[in-house]
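Trainee: Starting off with a structure, shown below.
The values are calculated or read from the model by the stated rules, or taken from the named source; none is laboratory data. Everything quoted here is computed from the prediction, not taken from an experiment. Quick reminder, even Gly has a Cβ in these numbers, built from the backbone with ideal geometry, and neighbours come from all protein chains shown. In case anyone asks, the SASA skips ligands and DNA or RNA and just uses the protein heavy atoms, side chains included. Shrake-Rupley method; radii C 1.70, N 1.55, O 1.52, S 1.80 Å.
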Amino acid sequence: MSRPSAELASGWGRALVFAYGVFAVAATGRSVLQIGTDFDRAPLAYSLSLLAAVVYLVATTSLLLGGVTGWRVAGIAVGIELVGVLSVGALSYVATDLFPDRTVWSHFGQGYGFVPLVLPFAGLAWLRHTRP
Amino acid sequence: MSPSTLCGVNAWVEGAVLLACAAAALLFVVDLVRDRNTLDSHFVALAVVEVAVLVHAVWAGVDLAGADIDGSDQAKVISYLGAMAIGPVLGAYFGLIERSRAGTFSMLLAVATVAALEARVIDIWSTLV
């Protein structure tokens, strides 16, 4: 049995924490700016930006904290992130009127070099590797 | 002070930041492929990126202070420049606490983040002049 508390944020997990941390800051800054300055322009898109920010913050924190609970919470956050990036990514192509402005997950994270699309798969692979 | 006059000079600084990021990224990728752990040369590369970013931040700060630009645009550029300055420091910290290939990969992520932020600053800056 592996020890998630010791392994979640060590080795390659530390690189994952770094990537999630960067996106937590980026998504938080973006959502705060969008909601604070022009929320009425694209309420759905800006609310999804805020959701993305919360998901990245929770994933970063739970990966850092480790333990079985941290592993489970990280799993839920990364799962929501995967569903979010796939559904918002697809909707931003199909239902363009729903998204007058972009979110972190729009067009499968095209504005961020598609890293938001790769990140949940990397996160799930790491969580599988460190499964308690 | 006209921002457009200084913007031409700033292009060299912006280029220096991107060049430093590219050189550091190349070093990290080569060492990752060669299966090397975090080396002192990696920290030197990050230091060079940090110096370039700080020069850019000061230069842009002087530019912005003398220009007649909207406060929210100024805040946006300053926040990007601040995030850029923190990137190499965080990368170095992660490299120090994880002196393995994962640490080098974290450093690679740090310079990639700085380069992406620099590209965004260039984009925003072009709308200000």
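Trainee: Counting Lys +1, Arg +1, Asp -1, Glu -1, what net charge surrounds B:VAL121 among other residues with beta carbon under 12 Å of its beta carbon? Write out the running numbers ahead of the final one.
Mentor: Working: positive: B:LYS76, B:ARG120; negative: B:GLU14, B:ASP63, B:ASP73, B:GLU118, B:ASP123.
Residues near B:VAL121 contribute -3 overall.
Trainee: With N set to the residue count of the protein assembly as shown, report its C-alpha Rg divided by 2.2 N^0.38 Å to two decimal places. Please report the intermediate quantities before stating the final value.
Mentor: Working: Rg = 19.3 Å, N = 261, 2.2 N^0.38 = 18.2 Å.
So the Cα radius of gyration is 1.06 times the expected 2.2 N^0.38 Å.
Trainee: Next question, about the same structure. I want to check the label-to-label distance for B:VAL30 and B:SER72. Put each point 7 Å from Cα in the C-beta direction and report it in nm to one decimal.
Mentor: 4.6
Trainee: At a Förster radius of 35 Å, what calculated FRET efficiency corresponds to the Cβ-Cβ distance of B:ILE124 and A:ALA125, to the nearest 0.05? Before the final figure, lay out the partial values.
Mentor: Details: r = 35 Å, r/R0 = 1.00.
Calculated value: 0.50.
Trainee: What's the local net charge at A:GLN34, with K and R +1, D and E -1, over the other residues with C-beta under 10 Å away? Kindly include the intermediate steps, with their values, before the conclusion.
Mentor: Details: positive: A:ARG30, A:ARG41, A:ARG102; negative: A:ASP38, A:ASP101.
So the surrounding residues net to +1.
Trainee: Something else now. Net charge near B:ALA102, counting Lys/Arg +1 and Asp/Glu -1 over other residues with Cβ under 14 Å of its Cβ? Show your work: numbers first, answer last.
Mentor: Values: positive: A:ARG14, B:ARG36, B:ARG99, B:ARG101; negative: A:GLU7, B:ASP31, B:ASP35, B:GLU98.
It works out to a net charge of 0.
Trainee: Using the heavy atoms of the protein chains and a 1.4 angstrom probe, tell me the accessible area per residue for chain A in square angstrom.
Mentor: Counting only protein heavy atoms, the per-residue value for chain A is 49 Å².
Trainee: Still on this structure, please answer the following. How large is the accessible surface per residue of the stretch B:11-128, computed with a 1.4 Å probe and reported in Å² as a whole number? Display every interim value, and only then the final one.
Mentor: Details: 5570 Å² over 118 residues.
Counting only protein heavy atoms, the per-residue value for the stretch B:11-128 is 47 Å².
Trainee: Calculate what fraction, in whole %, of the accessible area of the stretch B:11-128 sits on carbon and sulfur atoms when a 1.4 Å probe is rolled over the protein chains. Display every interim value, and only then the final one.
Mentor: Values: 3890 of 5570 Å².
Here carbon and sulfur together make up 70 percent of the probe-accessible area.
Trainee: A further question follows. Testing the spin-label approximation: label points 7 Å from Cα along Cα→Cβ at A:ARG41 and B:ALA23. State their distance in nm.
Mentor: Inter-label distance under the simple model: 3.9 nm.
Trainee: If contacts are Cα pairs under 8 angstrom and at least 6 residues apart, what is the relative contact order of the stretch B:36-104 in percent?
Mentor: Numbers: 42 pairs, mean separation 40.9, N = 69.
Contact order relative to length: 59 percent.
Trainee: At 0.692 mPa s and 37 °C, plugging the Kirkwood radius over alpha-carbon pairs of the stretch A:19-132 into Stokes-Einstein gives what diffusion coefficient in µm²/s? Could the numbers behind the result be given before it?
Mentor: Values: Rh = 14.1 Å.
Estimated diffusion coefficient is 232 µm²/s.
Trainee: Mind checking how much accessible area A and B bury in total, 1.4 Å probe, in Å² rounded to 100? Write out the running numbers ahead of the final one.
Mentor: Numbers: alone 6930 and 6680 Å², together 12650 Å².
The contact between B and A buries close to 1000 Å².
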